Amino acid sequence: MKKHKRIPLVLGAACALVVGLTNAPFAAAATNPLQPGAQLYVDPASTTAQAAATLTGQDQANALLLAMYPTATWFDGGTPAEVQSEAATLVADANAAGQVPVIVAYNLPNRDCGQYSAGGAQSLADYEQWIIGLAAGIGNGPAVVILEPDGLGLIPNYMEPGQANNCTIAGASSADRFTALNFAVTTLKGGPNTSVYLDATHPGWQNVGAAAQRLILGGVLNADGFFLNASNYNWTQNNVDYGDWISGCIALAVANSPADPGAWDAPDNCRNQYWNGGPATSWQGTGMDPLQQWSNQPFADPNNPTADEIASLTWNTVGIDSQYASDLASANTSASVHFVVDTSRNGTGPWDTSTSGLSGDPENWCNPPGAGIGPAPEVDPLASDPLVDAYLWIKVPGESDGQCRGSATGNDPEWGVPSPAAGAWFPQQAAQLIAYASPALTLTVPTTTVTYAANLPAGVAAQPTGMPNPATITGVLVNSTITAAAAPSLAGYTFAGWCTVSGTTCDPANLGQAGAAFTVTGTATLYAIWTQNAPANNPPVNNNGLPGGATDVLS
């Protein structure tokens, strides 16, 4: 999940135009900038655009298509001064475009529990200084901060009653994790237009109550909400259901233990996806199947469910939904904590590893085959569920999850090539994500046609050598620029450069040398400009009119 620095781009021929979805002026944001009508930032210096500059052919076109969509910008290290500077530049650029940037803060000590994206700050004190730098860079914003993916899913040496520790790191303190996140929430929320969301994993991982309790301990009641499915592949609707239940569980914790909601036993008291019975199913229940898409389908007679209705409980949320409705009504409260969902790669849902034939851990979260992009990023996407603030592309689609399934020393058996290191561009996966996108991607990469003209001087019949072949090139552009072709040659003339207007001379504002970057749109012609060479100098002559030598005296 690593992120490289944003680098301003001046890119070359056969690259694609990166465009924003809107250029509307930015209005003053509310405390949370994810308000209806807000537009998310499409960064022309994104890591996807940077990847496109290194690719060719269809791989490049794929990267350029993905670069047209708003994705999160990851900050995963550097000094406090560096992250402050980079964040300030990003926020200023987004504000100038009238858009809201999504920032991923990913620098906790013991990040990713030492797995493929290991790293992070060296100490709690270092992390706090880094967060101070990030907050200073964001300033008055607006900005959305996705605070530490896996930060509450993988807590070093954290033990919940009846649960196994899923992250063991010698000498690490689980208390430090909660301290770090609470500090980050408080500091980042000092920005008047900064929204902050905490990690709540996904419906195939933490049970609802455990996720809710960890969120409370991590400071969610002082944040704007939580995020789901970061860098994962679970169905959108399943995440929405899971998020609604987590929000309901948090409300129950606050209602039942207002002085200390984190002390309330949410894992035991909140119904979860691993057993979903409730009054609407006559207490029939089972574990929800993450491979299926969930929905609420009421039973015809809750007191006498049929065999088919009971069988539907692997995907039917009617029982657990009815339980939360009952519990919230009894507590005289309602779910109110909002959330966002990462839809960058969940269009086909999670990988069914039972068909893989792999032995050992198949790492179903790591570059699974057959994945597709999910719904495009959108603020306020569900009129039916006001708790969902946005669908976001938190993970950058096309960037690898890590060196999966032995890729550090050989090929990933699911791809036939090594899976790249975390955060590196994975062309094969990018192609598959686009091909299997659900819904299909609606944007298309703009193209331009450039024709090179010899533009011969009057009376010259000889053709120059080295003209581009073919003379007309149709392609795609990054940042509306092409790199002009190499210089041709013409006997008796010197090539002066390519000009965007015809004629024997060229205004310097329209003239560029071979290899220069030209800004072009639609159809353009580049004309060769020629300067006639001066005649060769005659040798000196002596006073007899004969060629002179060293001893000649000129008259």
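Filtered by the rule that a residue be surrounded by fewer than 17 Cβ atoms within 10 Å (Cβ to Cβ) and modelled with pLDDT of 90 or more, region 490-506 gives A491, G492, T494, A496.
Scanning region 380-409 for residues that are on the phi > 0 side of the Ramachandran plot and surrounded by fewer than 17 Cβ atoms within 10 Å (Cβ to Cβ) yields D380, G406. Scoring T472 on the criteria (1) touching a Ser or Thr at 6+ places or on another chain (Cβ under 7 Å); (2) under 30 Å from V337 (Cβ atoms) leaves a single failure, condition (2). The residues listed here are A136, A172; of these, the one that is part of a loop (DSSP other than H, G, I, E, B), farther than 17 Å from Y106 by Cβ and aliphatic (A, V, I, L, M) is A172. When region 98-119 is filtered for residues that are farther than 17 Å from D401 by Cα and surrounded by fewer than 21 Cβ atoms within 10 Å (Cβ to Cβ), the ones remaining, listed by number, are G98, P109. Do we have L64 as within 29 Å of G190 (Cβ to Cβ), touching a residue at least 40 places away in the same chain (Cβ under 8 Å) and touching a Ser or Thr at 6+ places or on another chain (Cβ under 9 Å) here? Here the answer is no, as L64 does not meet what is asked.
With respect to S438, determine if the residue is assigned to a loop (DSSP other than H, G, I, E, B) and surrounded by fewer than 16 Cβ atoms within 10 Å (Cβ to Cβ). For S438, the condition - assigned to a loop (DSSP other than H, G, I, E, B) and surrounded by fewer than 16 Cβ atoms within 10 Å (Cβ to Cβ) - is met.
Among the residues making up region 122-142, a single one is buried (at least 20 other Cβ atoms within 10 Å of the Cβ) and modelled with pLDDT under 95: G141. Here the condition is being among the hydrophobic types (A, V, I, L, M, F, W, C), under 29 Å from A371 (Cα atoms) and surrounded by 24 or more Cβ atoms within 10 Å (Cβ to Cβ); of A230, A253, it holds for A230 alone. When the strands (runs of 3 or more DSSP E) confined to region 467-536 are screened for residues that are within 30 Å of A51 (Cβ to Cβ) and in contact with a helix residue (DSSP H, G or I) (Cβ under 8 Å, 6 or more places away or on another chain), none reaches at least 3 such residues.
A single member of A484, A462 is touching a Leu at 6+ places or on another chain (Cβ under 8 Å) and loosely packed, with under 13 Cβ neighbours inside 10 Å, and it is A462. Among the candidates Y242, Y233, the residue that is part of a loop (DSSP other than H, G, I, E, B), under 24 Å from A376 (Cα atoms) and of a type in the set (F, W, Y) is uniquely Y233.
Candidates are the residues of region 266-293 that are outside any helix (DSSP H, G or I) and in contact (Cβ under 8 Å) with a residue 60 or more places away in the chain; the one that is surrounded by the most Cβ atoms within 10 Å (Cβ to Cβ) is C270.
Has region 156-163 got any residue that is assigned to a helix (DSSP H, G or I) and touching an Asp or Glu at 6+ places or on another chain (Cβ under 9 Å)? Scanning region 156-163 turns up no residue that is assigned to a helix (DSSP H, G or I) and touching an Asp or Glu at 6+ places or on another chain (Cβ under 9 Å).
The values are calculated or read from the model by the stated rules, or taken from the named source; none is laboratory data. This one's a predicted model, so the numbers in the text were calculated from it and none came from an experiment. Don't worry about glycine lacking a Cβ; one is built from the backbone with ideal geometry, like all the others, and counts go over all protein chains shown.
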